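Visitor: If you scroll down you'll find the structure; I have some questions about it.
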C-alpha cells in the first residue's frame with residue numbers, strides 16, 4: 001500500500017468531472033487506490049466491505065482491494081446505493097444477500113451468495129427495511 005495524502009485519497013473515491021466538481025449522476029463505480037494503483041470497481045460487483053483498523057477491505061467475486069479509508073466516509077460516499085452499513089465494521093451489497101437468519105440476541109446472520117456469513121448488529125437493525133427491498 002502506498003502512502004498518499006488525505007485530499008488525493010478522498011477525491012479518488014468521489015465521482016466527479018474533469019474540473020473536480022461533484023456530478024449529479026448516480027454513483028455507479030468507485031475509484032479505489034490500492035497497492036500503488038487506482039482500480040475502478042463497479043458497485044454491483046462489490047459483495048461487501050469490511051473495516052480492518054484504518055483500512056477497508058473491499059471484496060468482489062474476483063479480488064480483494066485494500067485501501068486506507070474510514071468506514072464512515074465510505075458509508076457517506078455510498079449513501080443511496082445498494083451498499084448498506086449493517087455493523088460498525090461492515091457494509092454489504094444487498095443484491096448479494098442470499099438470506100437473513102435471526103439470532104436470539106436480536107442480531108441477524110447475513111448469508112451472502114457464496115456462503116460468507118456476516119452480522120447485522122442490533123445497533124444497525126434500522127437498516128433492515130433497506131435490506132428487504134430491492135428496487
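Just so it is clear, none of the values below were taken in a lab; they were calculated from the coordinates. As the structure is a prediction and not an experimental result, all values here were calculated from the model. Every residue, glycine among them, receives a Cβ derived from its backbone with ideal geometry; neighbour counts consider all protein chains shown.
Visitor: In which sequence would 112, 74 go, from the one with the fewest C-beta neighbours within 10 Å to the one with the most?
Guide: On the way: 112 17, 74 20.
Result, fewest neighbours first: 112, 74.
Visitor: Let me ask something additional. With an 8 Å cut-off on Cα pairs and a minimum separation of 6 or more residues, tell me the relative contact order of segment 6-132 in percent. Numbers along the way, then the final one.
Guide: Numbers: 202 pairs, mean separation 19.0, N = 127.
Relative contact order, segment 6-132: 15 percent.
Visitor: Using the count of nearby Cβ atoms within 10 Å as a rough guide to exposure, how do 48, 55 rank from fewest to most? Before the final figure, lay out each step's value.
Guide: Working: 48 21, 55 16.
Placing the least packed residue first, the sequence is 55, 48.
Visitor: For the ranges 87-94, 120-127, what's the packing order if you count other beta-carbon atoms within 10 Å of each residue, average per peptide, and put the highest first? Write down the numbers at each step before the final one.
Guide: Working: 87-94: 19.5, 120-127: 15.9.
The peptides rank, most packed first, as 87-94, 120-127.
Visitor: Turning to a different aspect of this structure: Got a sec? How would 82, 73 order by Cβ neighbour count within 10 Å, fewest to most? Can you show the working numbers first?
Guide: Details: 82 18, 73 13.
Sorted ascending by nearby Cβ count, the order is 73, 82.
Visitor: Roughly speaking, what is the stretch gain from residue 132 to residue 42, that is 0.36 nm per residue apart minus the C-alpha to C-alpha distance, in nm to one decimal?
Guide: On the way: separation 90, 0.36 × 90 = 32.40 nm, distance 2.20 nm.
The residue 132-residue 42 span can extend by a further 30.2 nm.
Visitor: Please work out, to two decimal places, the log10 of the ratio I(q)/I(0) at q = 0.17 Å⁻¹ from a Debye calculation in which every Cα of segment 6-132 carries one identical scatterer.
Guide: -0.87
Visitor: What does the extension gain come out to for residue 55 and residue 116, with contour length at 0.36 nm per residue minus their alpha carbon separation?
Guide: Details: separation 61, 0.36 × 61 = 21.96 nm, distance 2.02 nm.
Using 0.36 nm per residue and subtracting the Cα-Cα distance, I get 19.9 nm.
Visitor: Calculate, in nm to one decimal, what residue 99 and residue 25 gain on full extension: separation in residues at 0.36 nm each, minus their alpha carbon distance. Walk me through the intermediate numbers first.
Guide: Values: separation 74, 0.36 × 74 = 26.64 nm, distance 3.09 nm.
Additional length available on full extension: 23.6 nm.
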